[in-house]
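Let me begin by presenting the structure, written as structure tokens, before commenting on it.
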Amino acid sequence: HIGLVVASQYQFFEGANYPEELDVGVGIHHLGRTSVGYSFALFRPGKDLAAAQGSYTHVFVERQTHKPTALWPELRQLMREHWLRDGSMPPEP
């Protein structure tokens, strides 16, 4: 199986330049049967307000056919450990 990025969105509040170091916070906001949605924010070290934020979505597919495939149990468990919601876990598919 492979994960394809099918959507992405970014919003920048401040500029950033290479090789500037930024702290990254990442979590999962959607856990579907075949897809995972991630949210992230970029911070300058020591700052509380994000310099940028965004999201992207992976759809997991069969490598040869590119047909969507269910997340395998081990991956689903790893994803659940990074769930962003208010302590409630995502529903089981």
Quick one: A70 ticks every box in (1) surrounded by 10 or more Cβ atoms within 10 Å (Cβ to Cβ); (2) free of Cβ contacts under 8 Å to residues at least 40 places away in the same chain; (3) touching a Leu at 6+ places or on another chain (Cβ under 9 Å) bar one, so which box is it?
(3)
For the stretch 14-30: of the residues being aliphatic (A, V, I, L, M) and without any contact (Cβ under 8 Å) to a residue 40 or more places away in the chain, which is surrounded by the most Cβ atoms within 10 Å (Cβ to Cβ)?
L22
If Q11 satisfies every condition in (1) without any contact (Cβ under 8 Å) to a residue 60 or more places away in the chain; (2) surrounded by 11 or more Cβ atoms within 10 Å (Cβ to Cβ); (3) under 30 Å from L75 (Cα atoms); (4) out of contact with any Ser or Thr (no Cβ under 8 Å at 6 or more places or on another chain) but one, which is the exception?
(2)
In the stretch 82-93, residue modelled with the highest pLDDT [restricted to those that are of a type in the set (D, E, K, R) and surrounded by fewer than 10 Cβ atoms within 10 Å (Cβ to Cβ)]:
D86
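The values are calculated or read from the model by the stated rules, or taken from the named source; none is laboratory data. Fair warning: this is a prediction, and the values are worked out from it, not measured in the lab. Every residue, glycine as well, gets a Cβ built from its backbone with ideal geometry; the counts of neighbours run over all protein chains shown.
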